[in-house]
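What follows is a set of notes on a single structure, which appears directly below.
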Amino acid sequence: MVMAANPGSPHTPSTGRYLDQERIGRALDNATQHGATYAEVRLVAFTQSSVAMRDGALERAIPGQELGLTLRVLADGAWGVHSTTDISSLSEQIESTTRLAKAVAARRSSGDSPVGLAEVPILQDEIHWKSKLDVRHTELDTKMEMMNELFEGASGHNDVVSIRTGWSDEHIHTELLTTEGMDRVWSFQRSLIHGMVTARDGSDVVSYRTRHGGQGGLEVIRECDLMELGENAQKAALRLLKAERAPSGKMPLVADRDLTGVYIHEALGHPCEADLVAAGDSCLDGKLGQKIGNELVTVVDDPTMMGGYGAYPIDDEGVDTRAKVLIKNGVLTEYLNHRETAHHFDLDPNGGARAQDGLHHPLVRMSNTMIEGGTHADLDALLADIEYGVYACGSRGGQVDTGRGSFQFAAQEAWLIENGELTQPLKDVSVSGLTLEILQNVDGLTRDAALASPGFCGKGQTVPVGDGGPIMRIREALVG
Amino acid sequence: MLPDHAVDRLLENASIVAKACKTNNVEQWDIVGFQSYGHELDIEAGKITLAGGGGEGGFGVRVLEGGRFGFAHLVDVSGAERAVQQALSIARKSPVVAGFVLPSEQQAQEVGGRFDRDILDLGPEDLLQQADDIISAVASADERAVVTGGGVGVSATAGCLMTSEGILSHGLTTSHGMGIQVSLDVDGQVTSSYQGDSSRKRMKELPSCIDRAVHWAQITQNPIEVESGASETPVLMTSEGFSPLFSMVVPPAMLGEKMVREESFWSGKLGEIVMAEDLNIVDHGLLEGGFSSGSRDAEGVPRQVRPLVQGGRLEAMLWSTRDAAQQVAQGRIEKASSTGSAVSSSHQSPPSTGCTELQFTSTQGASSWEALLERMQDGFIVNSVMGAHTANPTSGDFSVTTSTILRVEGGEIVGPLKQAGLSGNLAKALQSGVHLGDDVRRQGSYSSGSMHLPDALLMNGLRVNPA
């Protein structure tokens, strides 16, 4: 049976580690003997919990432990990968996975360059980002109490017909061993609380979602005024009941911190992922060093931003993380890289490799992505010279076609801007555009930049991310 | 690919979890388990970049005491005792759902076509050959076209359901899938299209998705200028364009819980006309070869063929045992019982209510692509949308973006647009003037199950806003 072991089982020594270093070391040596130029074993163990409540009553609470392991072998310049929940079966997979990599390599045409890996420091260490209040020691009652605070804040109005609240936390433990001698162990935690308020007026039904969370334990949730979070969600849902459909067409757009974050994530972040650039699927191919946006625009992706939902100490190839400046004053300065793309483009690796879990191989991903602050004092200063436009707030998600460079994102709520003032509340606002046009159209940013609500990013694999920035004004955007 | 006695070994481990339930004197329990094995290849930049394989699985255990339930999931059955105790402690904090008991054993019908032994014989070398064939087929269709993403994969899954009420269900399923992103870069103008196909059976020939992907990358080159500004217009959507919006909006509207909680745009409309009077929706839980059909649902209740909308009239809603009991207990509906619609997305979550194989048809019959174009006269064709996940399932409103949109005038395609917004209310758009294409495609769903939708759908009442 393919099943994994827990620490303390016969598969693991008494070190608190899941992988037996000696045994894995022998397996990796075996890969080298079979012709691998590089091989790694990465194990991820999740201790997780999710809770769902509805109208203040517990709907479900799900504690769980998941464990997965991926063997990745580079042979003759091509990858072979084997993922499993069975630690004990690993040794049997070395030869076949190496053979698989060689079979892929044999199909490479003469014009294709073999996969190589940029050099990185080879480290043997452990890094544990300890939470002040460990999620593994948080009782269900505590979680329910906090979810009920959010519920209390959101309830108390006749038009509110349903309030859902949710909780999720996880402790992530990773071990990485490679043929280069890398032996790293790291762990960290994430916590998230969220709510959805549904309001009804006759046949009109609207919903508003709210979230708070980040890297860390219970303290991340405790720092939030949950009553206020609920109250604001209720107010927004009630506003949506009175909101009109948004106007359609090209017009000035002002986006709050949440939407600014989603915008920069979709419009710029994804096209900056070097695996997409190398695959010929990015509109930013060949544009490093070129001016692609207004000089107001500086964008940073930073996994070391503690507390951000996309924070992590070490990437999934064992590379130390650092802040990456993707755009500096409108000039494209850096792609997000993992070791393979760094080698391909002859760049320094910058710790951008992330995998969803132990059963997936690392891809190039974002972490905490933000536009830096600008020069405008506040929202009013951005609105002042807009005759007719839209102020859009809160994200309902977005999507991008990186090759074409077109993107879309949707707001939770919005207001019409008329002669510099916010007037009519609007609903169902979506915004679309072309990356290389709209980055030029950013013409105002407030001074204060910060991460907004936590989010999730899908790219075949789902990973938590943080996005944010200041309040942003775009001269002209297609509002739908 | 599949180890010997995979199902037996899965059942052995499920029995260990069951034993932990019995040891802890759990009143009622059910255990779902699965173990999947597979091979996959990634294609990027016109070449195979990675070959992978492996297996994963786990167990979910639901315990029930006096109408209170708890759940836990685990990978390693040596932790079964702890998982059961965790589930029990959660159950004791949960509210009582009066009348909620796990279903008893009922005769269930076998559903064929979900397992193909041929797939088990497919090894990495076969997939490598298939990937080569895909790359060659794209190059043959258009030498400028490159496969920039996607791949091919096969899998076999052993699954089981074991309950305290004597239900023991187990079996094997297989799947074979291909999906490709084709890009066309002509003088710096990049167009692309993603298309995919999958089957429970081995796909011996390259599926039509390859040609479709190349076609849409080609046909959206050289955009024409169209006056900016939103207008209400007929839209002919391909199955690929329509399915994400449909899946976000329509399946959730038919869930019993959402209906009685007034969270569906069809709440209170049971027995009323809600769609054009020629339109039907059936949830075919017993569909041969289906990806979500089967003899039993995730709670062990026999699957059914359930007409939901007949002649435009809303005739039924979907229930799992638990949702039905909860809504009756809370007084939102007088009587409700399971429709065999419990679904479980993985071992990590307890059963909820969902669709299996939604079939969307018209009694008016179907029209060819050319006939639909002729009927539309002036309007747009949309092949894919961005942002379908932002559609509002409680209202049916959506506002999305498309970069694969063609302008049609006088029944003829005059050219592609670079980008456009597409918005409207899907529930309202389905109420009249809907015409279906003459082929059916299986599509995945944002919500649950699979959908069998026409290859093309002509609708009115949508707004197009060219960039």
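In segment A:198-211, the residues that are more than 11 Å from chain B (Cβ to nearest Cβ) form no Cβ pair under 8 Å with any partner that is surrounded by fewer than 19 Cβ atoms within 10 Å (Cβ to Cβ) and at pLDDT below 90, whether six or more places apart or across chains.
With respect to the conditions (1) closer than 25 Å to B:E334 by Cβ; (2) buried (at least 22 other Cβ atoms within 10 Å of the Cβ); (3) touching a residue at least 60 places away in the same chain (Cβ under 8 Å), B:L308 falls short on a single one, namely (3). Note on segment B:20-123: enclosed strands (runs of 3 or more DSSP E) holding 2 or more residues that are facing chain A (nearest Cβ under 7 Å) and surrounded by fewer than 24 Cβ atoms within 10 Å (Cβ to Cβ) are B:47-65.
For segment B:439-454, filtered to residues that are touching a Leu at 6+ places or on another chain (Cβ under 9 Å) and within 21 Å of B:S367 (Cβ to Cβ), the residue that is nearest to the other protein chains (Cβ to nearest Cβ) is B:Q443. Going through segment B:433-442 one residue at a time, which ones are closer than 21 Å to B:D397 by Cα and modelled with pLDDT of 95 or more? Selection gives B:V434, B:H435. A single entry from B:E263, B:E205 fulfils the requirement of being of a type in the set (D, E, K, R) and within 14 Å of chain A (Cβ to nearest Cβ): B:E263.
Return the only residue of A:Q21, A:Q33 being more than 8 Å from chain B (Cβ to nearest Cβ), without any contact (Cβ under 8 Å) to a residue 24 or more places away in the chain and over 20 Å from A:A355 (Cβ atoms). Quick ask: steps written out before the conclusion?
Values: A:Q21 fails: without any contact (Cβ under 8 Å) to a residue 24 or more places away in the chain.
That would be A:Q33, the only listed residue that is more than 8 Å from chain B (Cβ to nearest Cβ), without any contact (Cβ under 8 Å) to a residue 24 or more places away in the chain and over 20 Å from A:A355 (Cβ atoms).
Of everything in segment A:406-436 that is surrounded by fewer than 24 Cβ atoms within 10 Å (Cβ to Cβ) and at the interface with chain B (Cβ under 9 Å from one of its Cβ atoms), the residue that is farthest from the chain's Cα centre (by Cα) is A:K427.
How many residues are modelled with pLDDT under 90 and either farther than 17 Å from B:T394 by Cα or surrounded by 19 or more Cβ atoms within 10 Å (Cβ to Cβ) (or both) if we restrict to segment A:208-249?
Final tally of qualifying residues: 4.
Of all the criteria given as (1) within 14 Å of chain B (Cβ to nearest Cβ); (2) within 24 Å of A:N232 (Cβ to Cβ); (3) buried (at least 23 other Cβ atoms within 10 Å of the Cβ), the one not satisfied by A:Y391 is (1).
For segment A:115-134, the count of residues that are of a type in the set (A, V, I, L, M, F, W, C) and in a helix (DSSP H, G or I) is zero. The set of residues in segment A:161-175 being at pLDDT 95 or above, surrounded by fewer than 22 Cβ atoms within 10 Å (Cβ to Cβ) and among the hydrophobic types (A, V, I, L, M, F, W, C) consists of A:I172 alone.
Of all residues in segment A:250-270, those being in a strand (DSSP E or B) and over 21 Å from A:R404 (Cα atoms) number 5.
Evaluate the following for A:G111: is it outside any helix (DSSP H, G or I), surrounded by 18 or more Cβ atoms within 10 Å (Cβ to Cβ) and within 13 Å of another protein chain (Cβ to nearest Cβ)? Steps first, answer last, please.
Details: outside any helix (DSSP H, G or I): yes; surrounded by 18 or more Cβ atoms within 10 Å (Cβ to Cβ): no; within 13 Å of another protein chain (Cβ to nearest Cβ): yes.
Taking the combined requirement at face value, the residue does not satisfy it.
Scan B:D126, B:D142, B:D132 and give me the residue that is within 30 Å of B:V182 (Cβ to Cβ), free of Cβ contacts under 8 Å to residues at least 24 places away in the same chain and over 25 Å from the mean Cα position of the chain (by Cα). Matching residue, one of B:D126, B:D142, B:D132: B:D126.
Mind listing just one residue for me: the one in segment A:73-89 that is part of a strand (DSSP E or B) and facing chain B (nearest Cβ under 9 Å) and, of those, farthest from B:P95 (Cα to Cα)? Checking each candidate, the answer is A:A78.
Exactly one residue out of A:G460, A:G444 is away from chain B (no Cβ under 14 Å), surrounded by fewer than 24 Cβ atoms within 10 Å (Cβ to Cβ) and touching a residue at least 40 places away in the same chain (Cβ under 8 Å): that is A:G444.
The lone criterion from (1) touching a Lys or Arg at 6+ places or on another chain (Cβ under 9 Å); (2) within 14 Å of chain A (Cβ to nearest Cβ); (3) over 18 Å from B:Q326 (Cα atoms) left unmet by B:D133 is number (1). Across segment A:183-208, the qualifying residues are those that are under 19 Å from B:F265 (Cα atoms) and of a type outside the set (A, V, I, L, M), and the one among them that is farthest from the chain's Cα centre (by Cα) is A:G202.
Consider B:S293 carefully, then state whether it is away from chain A (no Cβ under 14 Å), in a loop (DSSP other than H, G, I, E, B), among the hydroxyl-bearing types (S, T, Y) and under 18 Å from the mean Cα position of the chain (by Cα). Criteria met by B:S293.
Scanning segment B:83-113 for residues being of a type in the set (D, E, K, R) and over 17 Å from B:Q28 (Cα atoms) gives a total of 1.
The values are calculated or read from the model by the stated rules, or taken from the named source; none is laboratory data. Predicted, not measured: the structure shown is a model, and the values here were computed from it. Methodologically, a virtual Cβ is constructed for each residue, glycine included, from the backbone with ideal geometry; neighbour enumeration extends over all protein chains shown.
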